[in-house]
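The structure appears right after this line, and notes come after that.
Read the figures in this text as sums done on the coordinates, not as results from a lab. Note that the coordinates shown come from a computational prediction; the quantities given were computed from them, not determined experimentally. Positions of Cβ are backbone-derived with ideal geometry, glycine not excepted, and every protein chain shown enters the neighbour counts.
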Amino acid sequence: MMIPTDIRIKIVFLMVKFESSTVVRRKLQVEFGNKTPSVVSIQPTFERFCETGTVEDRERSGRPSKITEEKIDEVSDVLKNEPQSSVH
């Protein structure tokens, strides 16, 4: 489950205050209900913040996307002009 940024920020504040993933999860459950991340997700989120200074995800490894804005615009134009066409 991807944790929304607002919850990640809240995790950092609560971890600084309570220093316990379990307590932080209980506090988050009161505010966010079913959207609350697991205890297993809370600790790495806090550790990532301590290491990088941000709650955002680390950059992913792997091959970069070949899709360019020009290609997206080109495909959109074709589909607008010929809606019965296949995307293939």
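Which entry in [x] 11.0, 31; [y] 12.7, 38; [z] 20.2, 58 is this structure's computed Rg and Dmax of the Cα atoms in Å?
The listed entry that was calculated here is [z].
Please arrange 28, 79, 14 by counting, for each residue, the other beta carbons lying within 10 Å of its beta carbon, fewest first.
Final ranking by Cβ density, sparse to dense: 79, 28, 14.
Taking the alpha-carbon centroid of each part, what is the distance from segment 56-78 to segment 1-18 in angstrom?
Result: 29 Å between the Cα centres.
Find out how many positive minus negative residues lie around residue 28, taking Lys and Arg as positive, Asp and Glu as negative, among other residues whose Cβ is under 12 Å from that of residue 28.
That works out to +4.
Do any GluC sites (Glu not before Pro) in segment 23-88 lie in a loop, going by DSSP, with at most 15 other beta-carbon atoms within 10 Å of their beta carbon, and if so which?
56, 59
For a footprinting-style exposure proxy, rank 58, 25, 63 by other Cβ within 10 Å, fewest first.
Lowest count first: 63, 58, 25.
Tell me, what is the FRET efficiency for residue 68 and residue 2 to the nearest 0.05, using R0 = 35 angstrom and their Cβ-Cβ distance as r?
Step by step, r from the Cβ atoms, then E = 0.85.
Throw me the Rg/Rh for segment 5-52, computed over C-alpha atoms with Kirkwood Rh, two decimals.
Across segment 5-52, the Cα-based Rg/Rh ratio is 0.92.
Determine, for 9, 3, 67, the number of other Cβ atoms within 10 Å of each Cβ, and report the residues in order from fewest to most.
With the sparsest Cβ surroundings first, the list reads 67, 9, 3.
Which net charge results when you count Lys and Arg as +1 and Asp and Glu as -1 among the other residues whose beta-carbon is under 12 Å from that of residue 17?
+1
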